[in-house]
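Before I ask anything, here is the structure I am working with.
The values are calculated or read from the model by the stated rules, or taken from the named source; none is laboratory data. Please read these numbers as outputs of a predicted model, since none were measured by experiment. In this analysis, Cβ positions are derived from the backbone assuming ideal geometry, glycine residues included, and neighbour counts consider all displayed protein chains. Areas reflect the complete protein model, heavy atoms only, side chains present, ligands, DNA and RNA absent. Shrake-Rupley method; radii C 1.70, N 1.55, O 1.52, S 1.80 Å.
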Amino acid sequence: MEILGIDVGGSGMKAALVNTETGEMLTKRHRIPTPKSRTPKAMADVIAQLVKHFDYSGPVGCGFPTVIKKGICKSAGNLDPSWLGVDVDKLFEEATGQQFSVINDADAAGYAVMNHGVGKGLEGLVLIVTIGTGLGSGAFFNGELLPNFELGQIPYKGFKKIETWAAGSAMEREGLTYKKWAKRFNKFLNIVDLIVSPDHIILGGGASKDWAEYKEYIIIDTPIRPAQLKNHAGIIGAAMAGSIIKVIN
């Protein structure tokens with residue numbers, strides 16, 4: 001199946017056509033910066049531009065950077081507060097005329113990693129942590145998704161959520177070296193390890209491709225590895241979510 005997958009991030013919104021059976025991206029990804037306002041209307045306009053860029057008609061899968069339940073945004077996350085309660089499926093369908101399946105972005109990345117990446121065949125509790133504007137987390141138990149496992153929202157010291165302090169965006173915002181940032185990220189991983197005791201941790205998102213730059217500073221008992229899908233897991237997994245629509249309909 002050739003499905004359009006869209007990965008919505010805090011800094012960029014990316015899309016590509018994907019063969020959902022093989023996990024292969026059939027086109028180069030097209031990226032448009034996320035509007036600074038991060039409001040529903042502004043971001044829906046970008047979604048429409050992405051669909052138009054590929055001259056695409058059909059089901060669309062979309063990874064979205066916050067908690068999504070039955071298409072409804074349950075937390076604004078790093079977006080504008082007006083997202084809370086929005087039917088994201090309906091909003092994007094009205095903007096494009098296409099049928100959408102919107103899921104949490106880390107869950108989308110997890111689908112790709114577990115079906116077409118290093119997570120394939122892993123048993124037990126597997127966490128996929130996406131490193132970007134925030135810290136997304138997708139959880140799978142014996143290959144089955146546990147949706148909306150938002151570990152980046154854990155409060156930490158004076159921060160409302162630990163991702164403000166330890167996400168990739170903190171490194172950029174504060175001009176941190178990989179060593180200084182990695183010590184923060186390692187703290188996050190050890191808290192996660194203590195709370196949920198995963199069997200495996202897989203790193204995705206923008207910073208995962210630079211694993212060699214900071215892996216020596218990550219000290220944790222749980223086996224950890226990069227996703228090896230570069231920064232494309234979100235797009236591939238989103239397309240897989242879109243393929244579910246096609247099967248059902």
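Here is a yes/no grid of residues against (1) under 19 Å from SER243 (Cβ atoms); (2) β-branched (Val, Ile, Thr):
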site: GLY119; (1), (2): yes, no
site: GLY134; (1), (2): no, no
site: GLU150; (1), (2): no, no
site: ILE162; (1), (2): no, yes
site: LYS180; (1), (2): no, no
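Go through segment 190-217 and count every residue that is in contact with a Pro (Cβ under 6 Å, 6 or more places away or on another chain) and not in a strand (DSSP E or B).
Filtering segment 190-217 down to residues in contact with a Pro (Cβ under 6 Å, 6 or more places away or on another chain) leaves 200, 203, 208, 211.
Of the ones still in play, those that are also not in a strand (DSSP E or B) are 208, 211.
Final tally of qualifying residues: 2.
Further, regarding this structure: Among the residues of segment 132-159, how many are part of a loop (DSSP other than H, G, I, E, B), of a type outside the set (Gly, Ala, Ser) and touching a Gly at 6+ places or on another chain (Cβ under 6 Å)? Outline the logic, then answer.
First, the residues of segment 132-159 that are part of a loop (DSSP other than H, G, I, E, B): 132-134, 142-143, 147-150, 154-155, 157-158.
Now drop any that are not of a type outside the set (Gly, Ala, Ser), which leaves 133, 142, 147-150, 154-155, 157.
Restricting the remaining residues to those that are touching a Gly at 6+ places or on another chain (Cβ under 6 Å) gives 133.
Number of matching residues: 1.
So which pairs qualify, if the first residue must be in segment 175-203 and hydroxyl-bearing (Ser, Thr, Tyr), the second must be surrounded by 15 or more Cβ atoms within 10 Å (Cβ to Cβ) and outside any loop (DSSP other than H, G, I, E, B), the Cβ gap must be under 7 Å, and the two must be at least 6 apart or on different chains?
If the second residue must be surrounded by 15 or more Cβ atoms within 10 Å (Cβ to Cβ) and outside any loop (DSSP other than H, G, I, E, B), the pairs left are TYR178/TYR214.
Which one is surrounded by the fewest Cβ atoms within 10 Å (Cβ to Cβ), of the residues in segment 1-51 that are of a type in the set (D, E, K, R) and closer than 13 Å to ALA108 by Cβ?
Keep residues of segment 1-51 that are of a type in the set (D, E, K, R), which gives 2, 7, 14, 21, 24, 28-29, 31, 36, 38, 41, 45.
Pick out the ones that are also closer than 13 Å to ALA108 by Cβ and you get 7, 14.
Values: ASP7: 31, LYS14: 21.
It comes out as LYS14.
Here's something else I'd like to know. What pairs come up if the first residue lies in segment 73-102 and is over 24 Å from GLY58 (Cβ atoms), the second is in a loop (DSSP other than H, G, I, E, B) and of a type in the set (Asp, Glu), and their beta carbons are under 9 Å apart, counting only those six or more places apart or on different chains?
Listed pairs, sorted by first residue: SER75/GLU150; GLY77/GLU150.
Turning to a different aspect of this structure: Only residues that are touching a strand residue (DSSP E or B) at 6+ places or on another chain (Cβ under 8 Å) and open to solvent by 10 Å² or more (accessible area, probe 1.4 Å): list them for segment 52-76, please.
Start the filter on segment 52-76 by keeping residues that are touching a strand residue (DSSP E or B) at 6+ places or on another chain (Cβ under 8 Å), which leaves 53-54, 56, 58-68, 71-74.
Scanning segment 52-76 gives HIS53, PHE54, TYR56, GLY58, PRO59, PRO65, VAL67, ILE68, ILE72, LYS74.
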